[in-house]
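Below is one structure; the comments refer to it alone.
The values are calculated or read from the model by the stated rules, or taken from the named source; none is laboratory data. Just so we're clear, the structure is a prediction, and the values are computed from it rather than from any experiment. Positions of Cβ are backbone-derived with ideal geometry, glycine not excepted, and every protein chain shown enters the neighbour counts. For accessibility, only protein heavy atoms count, side chains too; no ligands or nucleic acids. Shrake-Rupley method; radii C 1.70, N 1.55, O 1.52, S 1.80 Å.
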Amino acid sequence: MAGHSKWKNIQHRKGRQDLKRGKMFTKVTKEIILAAKGGGDPDMNARLRAAIDAAKAVNLPKDKIDTAIKKGTGELASEALEEIMYEGYAPGGVAILIEAVTDNRNRTVAEVRHILSKNGGSMGAAGCVAWMFDTKGVFAFDKEKYTEDQLLEAGLEGGVEDVLDDDDSWQVLCAAEDFHTARSAFEAAGIEIMSAELNRIPQNTVAVDVDTGRKVMKLYDALDDNDDVQNVYANFELPAELLAEM
């Protein structure tokens, strides 16, 4: 997880997502609409609360957040959106999971298949790699503000399972069903959360060399650039040499 996670953090520090703000707005809006189908109260709907936080992180205006919630609950008309998960392989035998939200299944599967084949990957059958990933709550905290012991003390009663050192931040994991409880525990302790999301964490990672790492990153970025793709998860571990270059 570490090399992959560090690469994603580097992307954010470089402001890559800021260059794609319009696409990010689209993605977070879709996630709010889907999450709100499970209820429009973020205090009772952990997925919606995480979606709203993600939207605020990219500065989606409050009125657009409210509109998206109403579309999800049915108060306002909305296009028919469908969630689909694709599974496959990237260069080097890296497992890859692709979560998409679409109003046209045929268009999306064709685009995803094309991106995979163009970048040295391949589409797999349903279930071929999903078993390699566990859905976890993932929180990030500033290492300059908090120690590992502080986070464990505050989060243990909330179901925190592990604290990982990720360069300038701590990554704290919990079971998906404990996401809301863990978050409430940190908030009650007055601990500032940098980010909080439900994520798919690989059970094991595949170490790749520099050349393969570049190919995997290129494929990852191509998928992430697609308007219908919400999230991309993979189990690659980038070499230190490549991380140092970035």
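If I filter region 208-227 for residues that are open to solvent by less than 60 Å² (accessible area, probe 1.4 Å), without any contact (Cβ under 8 Å) to a residue 24 or more places away in the chain and either closer than 25 Å to LYS30 by Cβ or in a loop (DSSP other than H, G, I, E, B) (or both), do I get at least one hit? Checking region 208-227: at least one residue is open to solvent by less than 60 Å² (accessible area, probe 1.4 Å), without any contact (Cβ under 8 Å) to a residue 24 or more places away in the chain and either closer than 25 Å to LYS30 by Cβ or in a loop (DSSP other than H, G, I, E, B) (or both).
Of all residues in region 95-118, those that are in contact with a Phe, Trp or Tyr (Cβ under 9 Å, 6 or more places away or on another chain) and open to solvent by less than 50 Å² (accessible area, probe 1.4 Å) total 10.
Note on region 174-202: residues that are under 25 Å from ALA244 (Cα atoms) and either in a loop (DSSP other than H, G, I, E, B) or of a type in the set (D, E, K, R) (or both) total 1.
Return yes or no: is GLY92 over 29 Å from VAL216 (Cβ atoms), surrounded by 13 or more Cβ atoms within 10 Å (Cβ to Cβ) and modelled with pLDDT of 85 or more? No. Taking the listed residues ALA126, ALA154, ALA110, the one that is assigned to a loop (DSSP other than H, G, I, E, B), among the small types (Gly, Ala, Ser), over 17 Å from ASN204 (Cα atoms) and out of contact with any strand residue (DSSP E or B) (no Cβ under 6 Å at 6 or more places or on another chain) is ALA126, with no other qualifying. Considering only residues in region 42-84 that are polar (S, T, N, Q) and assigned to a loop (DSSP other than H, G, I, E, B), the one that is surrounded by the fewest Cβ atoms within 10 Å (Cβ to Cβ) turns out to be ASN59. For residues in region 141-151 being in contact (Cβ under 8 Å) with a residue 12 or more places away in the chain, part of a helix (DSSP H, G or I) and open to solvent by 30 Å² or more (accessible area, probe 1.4 Å), which is nearest to ALA189 (Cα to Cα)? Selected residue: GLN150. For region 167-186, a residue qualifies if it is within 16 Å of TYR146 (Cα to Cα), of a type in the set (Gly, Ala, Ser) and open to solvent by 20 Å² or more (accessible area, probe 1.4 Å), and exactly one does: ALA185. For the subset of region 228-246 comprising residues that are of a type in the set (A, V, I, L, M, F, W, C) and surrounded by fewer than 18 Cβ atoms within 10 Å (Cβ to Cβ), which member is modelled with the highest pLDDT? In this case the residue turns out to be ALA240.
Scanning region 228-239 for residues that are out of contact with any Gly (no Cβ under 8 Å at 6 or more places or on another chain) and part of a strand (DSSP E or B) yields VAL229, GLN230, ASN231, VAL232, TYR233, ALA234. Restricting attention to region 191-205, the residues that are touching a helix residue (DSSP H, G or I) at 6+ places or on another chain (Cβ under 8 Å), open to solvent by 40 Å² or more (accessible area, probe 1.4 Å) and modelled with pLDDT under 90 total 3.
Exactly one residue out of ALA188, ALA222 is at pLDDT 90 or above and under 24 Å from CYS128 (Cβ atoms), and it is ALA222.
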